[in-house]
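Below is one structure, written out as structure tokens; comments come after it.
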Amino acid sequence: MLDNHFLVETIATIVTVALFVMVRFFVPKIVRSFAQDSNIIEHRRTNLVVKYIKILLNLLLLIVLFTIWGIRTTHILLFASSISAVIGVAMFAQWSILSNITAGIILFFNFPFKIGDVILIHDKDFPVEGEIVDITAFHALLKTKDGERITYPNNLLIQKGITIVKQYRDEQEFMD
């Protein structure tokens, strides 16, 4: 009985994939022919419509194959939500890292303040005043009057208003 069920699933899968390949081959030709005959849709939009139709066909193929293989909808939704959560966390982490690196590069080339300057960061919830000890690719290290060390992300340094309270000046004179 198990082998007969497996044979039916295999034949149904082969037929479905064959039909899918034919539909995927002919539908873009039909859409492009319609767009060319009607002169309503421009070339870029035609490619976009074809792209969306292909995505829809791929999703439809997956749903049909999942149905043929007997996979329950609840399992598919659980898998899809898990993948979405992982991708969402990964994209947020990547954005955060890239935004700090980009801000670090901007601070490096723009240098509105430098190591040794005392700055005031205008943040309504957590205003910070401190001397810049170091500026790295990801963050700036500040030292407050109380000796507290604060790590401040570079992307927030770019976004917040900053007042340079005291600029660091090297008082040494250069002699020959």
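For LYS145, the lysines whose Cα comes closer than 30 Å to its Cα, not counting residues fewer than 8 places off in the same chain, are LYS114, LYS124, LYS160, LYS166. Here each label is just a point 7 Å from Cα along the line to Cβ, and for SER33 and GLU9 those points are 3.8 nm apart. The charge dipole of the chain, taken about its Cα centre with unit charges on the Cβ atoms of Lys, Arg (+1), Asp and Glu (-1) only, comes to about 1140 debye. Over all Cα atoms in region 82-166, the spread is summed up by Rg and Dmax: 14.6, 51 Å. Estimated from helical segments only, the mean residue ellipticity of the chain at 222 nm is -22000 deg cm²/dmol, where each DSSP H run of four or more residues counts as -39500 (n - 2.57). How large is the accessible surface of TYR52 in square angstrom, using a 1.4 angstrom probe and rounding to the nearest 10? My reading of the accessible area for TYR52 is about 130 Å². Summarising the label geometry, the points placed 7 Å from Cα in the beta-carbon direction at LEU48 and ARG24 lie 2.4 nm from one another.
Its Cα gyration tensor gives the chain an equivalent ellipsoid; the semi-axes, largest first and in whole Å, are 61, 25, 13.
Using heavy atoms of the protein chains and a probe of 1.4 Å, the accessible area assigned to ASP3 is about 120 Å².
Take 112-124, 74-86, 53-65, 132-144 and order them by the average number of nearby Cβ atoms within 10 Å per residue, most first; the result is 132-144, 112-124, 53-65, 74-86.
The values are calculated or read from the model by the stated rules, or taken from the named source; none is laboratory data. Everything numeric in this text was worked out from a predicted model, so none of it was measured. As a convention, Cβ positions derive from the backbone with ideal geometry for all residues, glycine included, and neighbour counts pool all protein chains shown. Quick note on the areas: whole protein, heavy atoms, side chains included, nothing else; ligands and nucleic acids left out. Shrake-Rupley method; radii C 1.70, N 1.55, O 1.52, S 1.80 Å.
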